[in-house]
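The structure appears below as structure tokens.
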Amino acid sequence: MPELPEVETVRRGLEPVMTGQRFCTVRLNRPGLRFLFPERFAERLTGETVLALRRRAKFLVADLAGGAHLIMHLGMSGRFIIERETMVRPGTFVHETPRLPAHDHVVFDLTGPARIIYNDVRRFGFMVLAEAGALDQHPQMVGLGIEPLGNDFHADALDRLFSGKSTPLKAALLDQRLIAGLGNIYVSEALHRARLSPLAEARSICGPAAAAARDQLAGAIRDVLNEAVAAGGSTLRDYVQTDGALGYFQHRFRVYDRAGQPCPTPDCRGTVEKIVQAGRSTFYCAACQS
């Protein structure tokens, strides 16, 4: 599933095409994706102008001139394809899944002119609408935690969020009710950079004695996310940018999917290991992440 850097990369690709433009027509080629489309979905969008396109956690949110908000989630394999005049760039995938018209489920024709197509082989993505002034109360948004790239995310926030929690540190970082948007890949990478064990209790980084560890972790999370966004995300199976270009951060992974390889930490003689936590693969070095 695309994580925060991938979703942010998609947002940046779509923003100049969508912002300030009006939906001339909206075509739905099926009644729904993971969920049924909202009642009168195409009709309600047609004629609306996109004021802004932003990201909340792993969601894309288009703020509409009429006050409503279009919430979009890519699911496992969703991708947006931009067509403008004679330029059509459907993209190339590392694990090839050719774009088939049968999987073009939503087509937006905008002023500009531009056409944006939502293609989703597995149909785990979805699109819903939040009423004006009710975005934070929408079921998909209620209870989301702080943004890891926002101003509210820092070492003191980790101290507050993890205080008294005996759950493993990795599980706490993946809890969307605490920190919204972090995913399996980048949590593994950040914990390795901070030299913290994914198996340690979350509360182990709380309190005055662990201030340095919290600072390291908060900085590592910000750094790894910003570097991944700058690299265009990570190309894993079905993920691709809107212009067809591939993300390259996967070439900078230190531990993720590197089981059996030497730990890249200088002077560490450990080996990257793979374990399973709550059904999710965790990659770490037991020698330097203790």
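Laboratory data are not the source of any read-out in this text; all were calculated from the coordinates shown. Everything numeric here is computed off the predicted structure, so don't read it as measured data. FYI the Cβ positions are ideal-geometry reconstructions off the backbone, even for glycines, and counts take in every protein chain you see.
In terms of other Cβ atoms within 10 Å, 118, 256 run from fewest to most in the order 118, 256.
Bridging of residue 274 to lysines at a Cα separation below 21 Å is possible for 170, once same-chain residues fewer than 8 apart are set aside.
For the chain, the longest principal axis of the Cα atoms and the long axis of helix 211-230 meet at an angle of about 40 degrees. Residues whose amide H comes within less than 5 Å of that of residue 51, counting only those at least five positions distant or on another chain, are 20, 63, 64, 65 (H built at 1.01 Å from N in the peptide plane). How would you classify the range 4-130 from its alpha-carbon gyration tensor, with a ≥ b ≥ c the square roots of the eigenvalues: rounded for a/c under 1.5, else prolate if a/b is greater than b/c, otherwise oblate? It is rounded, given that a/c, with a ≥ b ≥ c, falls under 1.5. With a cut-off of at most 10 other beta carbons within 10 Å, and DSSP calling the residue loop, which GluC sites (Glu not before Pro) in the range 30-65 qualify? Please list them. In loop regions of the range 30-65 (DSSP not H, G, I, E or B), the sparsely surrounded GluC sites (Glu not before Pro) are 39. When the chain is treated as a Gaussian network with alpha carbon springs shorter than 10 Å, the biggest mean-square fluctuation among 100, 225, 70 belongs to 100. Mean separation of Cα pairs under 8 Å and 6 or more residues apart, divided by the residue count, gives the chain a relative contact order of 20 percent. Each of residue 274 and residue 43 was given a label point 7 Å from its Cα along the Cα-to-Cβ line. The distance between the two points is 5.1 nm. Here the extension length gained between residue 226 and residue 137 equals 29.2 nm, from 0.36 nm per residue of separation less the Cα-Cα distance. Here residue 122 and residue 281 are evaluated by their C-beta separation; at R0 = 22 Å the FRET efficiency comes out at 0.65. Among 53, 45, the ranking by other beta carbons within 10 Å of each residue's beta carbon, starting with the fewest, stands as 53, 45.
Once the chain from residue 102 to residue 24 is taken as fully extended at 0.36 nm per residue, the excess over their C-alpha distance is 25.8 nm.
Cβ crowding within 10 Å ranks 281, 166, 188, 77 as 166, 281, 77, 188, fewest other Cβ atoms first.
Given the alternatives [x] 1.50; [y] 0.93; [z] 1.07, Cα Rg over 2.2 N^0.38 Å as computed for this entry is given by [z].
Across the range 103-109, coupling constants 3J(HN,Hα) worked out from phi with the 6.51/-1.76/1.60 Karplus curve, θ = phi - 60°, read 9, 7, 8, 9, 10, 9, 9 Hz, and Gly and Pro carry x. Rounded to the nearest whole Hz, the Karplus-based 3J(HN,Hα) values (6.51 cos²θ - 1.76 cosθ + 1.60, θ = phi - 60°) of the range 75-81 follow the sequence x, 8, 9, x, 8, 9, 10, with x at glycine and proline.
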